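What follows is a short report on a single structure.
The values are calculated or read from the model by the stated rules, or taken from the named source; none is laboratory data. Please read these numbers as outputs of a predicted model, since none were measured by experiment. In this analysis, Cβ positions are derived from the backbone assuming ideal geometry, glycine residues included, and neighbour counts consider all displayed protein chains.
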Amino acid sequence: MERRLAERILPDLKKKRPLEEIYKRYNKDKNISFFQFEEDLCNTFHLDKDYYETGVASNKPRIYTMALDEDFLRKRSEEVDPSKITKEEITSLETYCKKEDVFALASVQIGILKRIVYLKNTQLETSSKEHDEHQILINPTILKAEGLTKYWEACASCLDYTSLVKRPYRIQIAYQDLSGKRKKKIFEGFAATVLAHELDHLDGILPMDKALEIRWMNKEERISFRAIHGYQILKKTGNYKE
């Protein structure tokens, strides 16, 4: 779905207008069937149709998106005692990441307002469908950031918006594992970009909030665009400043 039409429809989705009503409003010439329109809506806005219509999600976990959940996504996640994290919460993160083609996920994106990040794939040239690093970081905090990179970032919660964002080339973080053990780790290159993106989610920040430029691209368009406009390393050293 093209951006102009999507942005006109978005307010109606936020008001939970019936899908058939939205169809009649924005497809007056009936150039496509309701079922095709409904499928396009669900794909473009990452809608769980059952949840949208009844308030009960058909497939757990449900991804929270700008279409229905922007206020929630902009909340700051709370620090958490690792012993208070449930098995079900970790399973939900694992389940979503295994099913979807994502690099990582912050728990707020599936409705868990705790400072938990699941890293699935921090390697740019590796397929995120098959590869799973299964790194779980609890209460991650940046100790040091340096260098500068740019990348056109997509986000499971941000529809088809793709944002050109500056990130540090290298970050050192402190975090806890599931046992509560405190650790430090350095992430470099694309891995630092992936983690920095998720850390923003924990503070209620979306990629477009920091974007130098924003485009609307579906997955196929984004793949072609990134083939030309790939990951850029501007400098590897020096203090990072947003």
**Asked** Restricting attention to the stretch 75-129, which residues are surrounded by 15 or more Cβ atoms within 10 Å (Cβ to Cβ) and charged (D, E, K, R)?
**Response** 89, 94, 114, 115, 120
**Request:** Check residue 136 against each of (1) aliphatic (A, V, I, L, M); (2) over 30 Å from residue 87 (Cβ atoms); (3) surrounded by fewer than 21 Cβ atoms within 10 Å (Cβ to Cβ); (4) touching a helix residue (DSSP H, G or I) at 6+ places or on another chain (Cβ under 8 Å) and name the one condition it does not meet.
**Result:** (2)
**Prompt:** Out of (1) part of a strand (DSSP E or B); (2) buried (at least 21 other Cβ atoms within 10 Å of the Cβ), the odd one out for residue 185 is which?
**Reply:** (2)
**Message:** Let me spell it out: the conditions are (1) at pLDDT 90 or above; (2) assigned to a loop (DSSP other than H, G, I, E, B); (3) within 19 Å of the chain's Cα centre (by Cα), and residue 61 meets all of them except one. Which number is the exception?
**Reply:** (1)
**Prompt:** Does residue 159 satisfy the condition of being of a type outside the set (D, E, K, R), touching a helix residue (DSSP H, G or I) at 6+ places or on another chain (Cβ under 7 Å) and under 23 Å from residue 222 (Cβ atoms)?
**Reply:** yes
**Message:** Just to check your reading of the model, which residue among 196, 191, 227 is in the same structural domain as residue 147 (by TED's automatic domain parsing) and either touching a Ser or Thr at 6+ places or on another chain (Cβ under 6 Å) or at positive phi (or both)?
**Reply:** 191
**Item:** residue 80, sole failed condition from (1) in contact with a helix residue (DSSP H, G or I) (Cβ under 8 Å, 6 or more places away or on another chain); (2) modelled with pLDDT of 95 or more; (3) assigned to a loop (DSSP other than H, G, I, E, B)
**Value:** (1)
**Asked** Are any residues in the stretch 88-112 assigned to a helix (DSSP H, G or I) and closer than 12 Å to residue 64 by Cα, and if so, which ones?
**Response** 96, 107, 108, 109, 110
**Asked** Does residue 17 fit the bill of being surrounded by fewer than 16 Cβ atoms within 10 Å (Cβ to Cβ), at pLDDT 95 or above and outside any helix (DSSP H, G or I)?
**Response** no
**Item:** Hey, residue 102 in the same structural domain as residue 183 (by TED's automatic domain parsing), farther than 28 Å from residue 238 by Cα and among the hydrophobic types (A, V, I, L, M, F, W, C) or not
**Value:** yes
**Message:** Can you confirm whether residue 230 is surrounded by 20 or more Cβ atoms within 10 Å (Cβ to Cβ) and in contact with a Phe, Trp or Tyr (Cβ under 9 Å, 6 or more places away or on another chain)?
**Reply:** no
